[in-house]
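We did not get these values from a lab; they are worked out from the coordinates using the rules stated. Bear in mind that the values here come from a model prediction, so they are computed numbers and not experimental data. Quick reminder, even Gly has a Cβ in these numbers, built from the backbone with ideal geometry, and neighbours come from all protein chains shown.
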Amino acid sequence: MSITFGADTEVMTMAEAQKRGLMVRKPTQTDLRSVLTSDQFTGADLRALLEAACGGEPSKADVLDLLATAVQSSEYRWFVVTDTEPFAGVRALSPSAIRDKGLDTLHILPRETADELGVQVPTRTATSKTFTANGPGGAAMQTLLDAVSDYAIRAISTLTLKVSADTASGTSDIDLAVASLGMLQKQTITVRSTIRAEYKGLIGGGIQFQGTAERVAFQMAYGHAKKALTAATKVVGDVTLTFRFDPALDVDDPQFAQIHDVIKKLGMKSTTMTVEVTK
C-alpha cells in the first residue's frame with residue numbers, strides 16, 4: 001500500500017510513512033490500559049509498548065501527558081510513577097512532576113507493588129475536571145464525548161453550549177441554539193444571553209436583551225425579542241445553554257446521544273462547548 005501527499009509530493013509506502021511519524025496518532029487512556037499490566041515498566045518500555053497501538057512510536061511528551069492524566073484521574077489507585085528505582089521511602093511523582101521529568105528516567109509500577117515496596121504515595125483527591133472544545137456543534141460535542149470516554153471519571157454533571165452573533169454571521173447560530181430548546185424538552189437547561197441590537201438612525205443606543213432564565217421562560221422571552229432583533233441593522237452578543245444532570249450521568253447515557261444528535265442536525269457553525277465530569 002502506498003500514500004500520496006499532494007500532486008507535487010512523493011508517493012511512499014505505509015511503512016515509510018509510519019517510519020517518518022506521519023501515521024502516528026496520540027496515545028489514549030484506552031491504549032494505556034491495554035498495555036499496563038501487573039509488571040513494572042520504565043518510561044522507555046511503555047513508549048515501545050504503545051507503538052503498535054499508535055501506528056508508530058508516540059512522542060515522549062505525549063506519553064508523559066498520558067501518564068500524568070491517568071495518575072491524576074485515578075488518584076494513584078491504578079499505578080504510580082517514580083523517577084528513581086522504586087524502594088521503601090521513595091516518593092511517587094505528582095501529575096505535574098511527571099510532565100516535567102524525562103520519560104526515560106521514569107519507573108511505572110502497579111499501586112499494589114508500590115505499597116509492598118513502601119513507596120510513599122501522595123494523598124490527593126481528584127473530584128472534577130472540565131473539558132472544552134470549539135467548532136461546529138456536532139463535531140465539538142463529539143470531541144468532548146471522546147475525551148470523557150477516555151478519562152477515568154466518566155460522570156458528566158454539566159454541559160454548556162455557547163454561540164454568538166456578529167456582523168458577519170448574524171443570529172443564525174443563536175436562533176438554532178434556541179430552536180434546540182424545543183427539541184430537548186426533557187432536559188434541565190438554563191439559558192444566559194447578552195445580545196445588543198443597533199438600528200439605523202439611532203445614534204449611541206439600541207436594544208439589549210440580557211439575563212438568565214430557565215428553558216421555557218427563555219423560549220418565550222426570545223420569541224418576543226426576535227421580532228425586534230430582526231429589524232436591527234446590527235446584532236452582536238452571545239447565548240449560553242447550560243445543561244445540568246443531577247445526579248451526574250455516565251458519558252454513555254442515551255441522553256447525551258440525543259443531545260448530540262439534535263445539535264449535530266441543527267448545524268450550528270461555530271460553538272464553544274464544555275463538559276464537567278465529577279465523582
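In a fully extended conformation the segment linking residue 113 and residue 202 would gain 24.7 nm over its present Cα-Cα distance, using 0.36 nm per residue. Loop-located trypsin sites (Lys or Arg not before Pro) in segment 37-121 (DSSP state other than H, G, I, E, B) with a sparse environment of at most 13 neighbouring Cβ atoms within 10 Å: 77. Here residue 88 and residue 61 are evaluated by their C-beta separation; at R0 = 30 Å the FRET efficiency comes out at 0.45.
Among the listed values (1) 20.6, 73; (2) 24.5, 78; (3) 44.0, 147, the one computed from these coordinates for Rg and Dmax of the Cα atoms in Å is (2). Computed from the C-beta positions of residue 45 and residue 146 and an R0 of 22 Å, the FRET efficiency is 0.20 to the nearest 0.05. Straight-line reach only, C-alpha to C-alpha below 20 angstrom: list the lysines that residue 200 could link to, leaving out same-chain residues fewer than 8 apart. Straight-line reach from residue 200, under 20 Å: 226, 227, 234.
Taking the Cα centre of the chain as reference, the dipole from Cβ charges on Lys and Arg (+1) and Asp and Glu (-1) amounts to some 1340 debye. Mean separation of Cα pairs under 8 Å and 6 or more residues apart, divided by the residue count, gives the chain a relative contact order of 21 percent.
Here the gap between residue 192 and residue 212, fully extended at 0.36 nm per residue and compared with their Cα-Cα distance, gives a gain of 6.8 nm.
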